[in-house]
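The values are calculated or read from the model by the stated rules, or taken from the named source; none is laboratory data. None of these values were measured; they are calculated from a predicted model. With ideal geometry, Cβ positions are generated from the backbone for all residues, glycine too; neighbour counts draw on all protein chains shown.
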Amino acid sequence: MRVSIFFILLFISCKSLEKKQNDFEKSIDTLIIWHQQDFKKDSVYGISLNKWYNKNYKKIRNKIIVATIDSQIDINHEDLKNHFWTNNGEIPDNGIDDDNNGYIDDINGWNFIGVGDNSIQAFTNFDFVRIIKKYKNDFKDLDSIQLQSKQSYTEYRRALKKYKEDKKYYERYLKEEGVLISAYYPAKDTLKYYFPKENYTSEQLDSLYQLYKINDERFVDKVNNYDASKKAFSDLIYYMRMIKRYNFTIESMKNSSQHKDSIVNKLLNLDYNDREKIKNNHLEKGYGNNNLSSHDRLKKHNTKVSSILIGNRNNNKGVKGFHDNIYIMPLVISPFGDEHDKDIANAIYYAVDNGAKVINMSFSKEFSLNQEIVSQALQYAEKRNVLVVHTSGNASSNIDLTPFYPTDFSYINNTELTQNLITVGSISKRIDSTLVTPFSNYGKNNVDIFAPGEDIYVAIPDNQYAYDSGTSLAAPMVSGTAALIWLYYPDLTVQEVKKIILESGVSIDKKVIKPGTKNEMVSFSELCKSGKVLNTYNAMKMAERISRKKNH
């Protein structure tokens with residue numbers, strides 16, 4: 001079997017967008033932190049944070065807490081440490097819920113997918129798998145015509161369609177990747193006949209492939225270790241030239257295969273119980289553990305997100321966050337798979353009850369088994385004057401038509417449920433028709449505003465830094481702006497802060513390429529509710545005017 005172009009495109013697309021910064025000693029002042037720049041001065045649609053610091057910054061004593069509902073985090077990172085929320089009502093590591101909030105030893109936050117005292121539930125089902133598991137017996141033998149009007153049946157059918165597509169997709173991927181892995185060493189050994197030093201290039205392999213693809217037997221006679229029962233030599237050349245062309249290594253292929261094996265056998269597995277080991281999961285709250293940094297592979301995402309918010313502004317390295325008086329409350333809900341709605345809701349309640357003013361949610365999913373409990377938590381946050389900021393997602397989709405969760409929008413009734421949630425799309429530093437990043441979701445009704453989300457300089461675990469891209473990084477731009485507003489103007493309501501952020505943005509009066517298309521041009525204003533990109537400087541000036549008016 002030949003590995004198709006499907007495999008190549010999928011393998012490349014699954015590679016991280018992260019680009020590591022190798023010169024870690026380089027001063028932060030020499031790095032291009034474009035997202036904090038200003039359009040008039042720098043010709044990029046940055047958020048103009050540098051402009052605000054240059055013209056308006058004054059020291060304050062206020063502090064503000066931003067909860068990041070996300071993955072685990074590198075709590076000891078040099079650019080983040082000393083900027084984490086501390087629960088002063090809790091005595092560390094005494095095994096007692098000293099402040100009676102339902103969580104034992106929650107010193108800096110909580111891990112809702114914690115297992116035992118120190119571990120984590122690393123793999124969970126996709127939510128469409130959970131929907132199938134819940135409803136498959138209910139709808140198995142019933143007449144579908146009678147069920148067309150039932151929302152649960154409609155969602156079950158949508159989930160089943162997605163399940164079948166993904167299962168076929170990843171099983172094929174896994175099989176084709178297995179072919180490359182199995183061919184690697186036979187191809188490597190066989191090619192020593194022509195290249196004893198193994199110094200061949202993909203171009204040389206192309207030439208050799210053309211020479212021997214018609215008649216393998218002529219070469220077989222000359223290669224003693226060739227096993228004709230397995231693969232023709234032209235096939236081995238074909239696989240090795242593919243490996244060389246895309247700079248694959250046996251290690252990267254094995255890691256990728258292991259990754260996709262987890263998708264097939266855990267995330268897509270209808271028999272996999274992803275809550276079996278979580279401590280006290282039957283409780284409404286208090287399940288999980290207080291370990292925020294136990295899993296090396298699962299602490300990268302929140303480290304990136306949080307560094308945009310709280311990167312130390314005074315250590316002359318790493319990332320300059322929004323303000324040194326912002327403190328992060330890490331709340332862990334994100335595994336490899338989809339987040340449980342129960343965990344999302346409980347994390348929102350925890351954040352609100354423990355003093356967070358802004359909640360950043362840099363995750364999204366296409367299905368929601370229990371969205372109603374998340375909606376109730378969002379309403380709880382709104383009543384307590386807490387802003388929630390959510391990423392739009394990275395599927396190049398119109399989320400007015402294709403649901404993405406969590407959301408403040410009812411796809412059943414087409415109504416907005418709260419006024420305290422901002423959904424954020426991603427822009428690049430390009431100012432032409434490719435302004436909107438091609439991966440970003442969009443929606444005239446369900447995306448509120450766009451913010452920088454491509455080639456963003458962030459912290460990654462182990463005191464390292466990288467450039468990365470995603471709507472996950474656009475969301476904390478808005479969260480940081482909201483936190484900065486409330487640091488200086490704490491009298492504003494959550495509705496006022498949301499209005500300020502949306503109305504103070506920079507209007508984009510041009511046509512851009514719609515995400516998910518090659519060259520379909522649409523007005524930028526058709527991609528989000530405000531028709532604007534975030535501008536922190538403008539937001540702070542507007543907040544100052546509104547606060548002054550309220551107090552005079």
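Mind checking which residues of segment 294-310 are touching a helix residue (DSSP H, G or I) at 6+ places or on another chain (Cβ under 9 Å) and either of a type in the set (Gly, Ala, Ser) or within 21 Å of TYR103 (Cβ to Cβ) (or both)?
Step one: of segment 294-310, the residues touching a helix residue (DSSP H, G or I) at 6+ places or on another chain (Cβ under 9 Å) are 301, 304-310.
Answer for segment 294-310, where residues must be touching a helix residue (DSSP H, G or I) at 6+ places or on another chain (Cβ under 9 Å) and either of a type in the set (Gly, Ala, Ser) or within 21 Å of TYR103 (Cβ to Cβ) (or both): SER306, SER307.
Any residue in segment 317-328 that is closer than 20 Å to ASN88 by Cα and part of a helix (DSSP H, G or I)? So far as segment 317-328 goes, no, none of its residues is closer than 20 Å to ASN88 by Cα and part of a helix (DSSP H, G or I).
Pairs meeting the criteria (first residue in segment 531-552 and on the phi > 0 side of the Ramachandran plot, second residue at pLDDT 95 or above and buried (at least 21 other Cβ atoms within 10 Å of the Cβ), beta carbons under 8 Å, at least 6 apart or on different chains) are GLY531/ILE508; GLY531/PHE524. For HIS77, state whether it is in contact with a Pro (Cβ under 8 Å, 6 or more places away or on another chain), surrounded by 12 or more Cβ atoms within 10 Å (Cβ to Cβ), under 30 Å from ASP338 (Cβ atoms) and of a type outside the set (Ser, Thr, Tyr). Yes, satisfied. Per the listing LEU292, LEU283, the residue uniquely surrounded by fewer than 16 Cβ atoms within 10 Å (Cβ to Cβ) and of a type in the set (A, V, I, L, M) is LEU283.
The rows are residues; the columns are (1) of a type in the set (A, V, I, L, M); (2) within 30 Å of ILE33 (Cα to Cα); (3) modelled with pLDDT of 95 or more.
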{"site": "ASN316", "(1), (2), (3)": "no, yes, no"}
{"site": "HIS323", "(1), (2), (3)": "no, yes, yes"}
{"site": "PRO330", "(1), (2), (3)": "no, yes, yes"}
{"site": "GLY337", "(1), (2), (3)": "no, no, yes"}
{"site": "ASN346", "(1), (2), (3)": "no, no, yes"}
{"site": "GLY355", "(1), (2), (3)": "no, no, yes"}
{"site": "ASN360", "(1), (2), (3)": "no, yes, yes"}
{"site": "SER375", "(1), (2), (3)": "no, no, yes"}
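A single entry from ILE348, ILE308, ILE328 fulfils the requirement of being of a type in the set (A, V, I, L, M, F, W, C), over 24 Å from TYR156 (Cα atoms), touching a residue at least 24 places away in the same chain (Cβ under 8 Å) and in contact with a Pro (Cβ under 6 Å, 6 or more places away or on another chain): ILE308.
Here is a yes/no grid of residues against (1) modelled with pLDDT under 95; (2) more than 25 Å from the chain's Cα centre (by Cα); (3) under 27 Å from SER397 (Cβ atoms):
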| site | (1), (2), (3) |
| --- | --- |
| SER479 | no, no, yes |
| GLN495 | no, yes, no |
| LYS498 | no, no, yes |
| SER507 | no, yes, yes |
| VAL512 | no, no, yes |
| ASN519 | yes, yes, yes |
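For segment 104-123, a residue qualifies if it is in contact with a helix residue (DSSP H, G or I) (Cβ under 7 Å, 6 or more places away or on another chain) and part of a loop (DSSP other than H, G, I, E, B), and the qualifying residues are PHE112, ILE113, ALA122. Taken residue by residue, segment 345-354 has at least one member that is assigned to a loop (DSSP other than H, G, I, E, B) and either of a type in the set (Lys, Arg) or in the same structural domain as GLY470 (by TED's automatic domain parsing) (or both).
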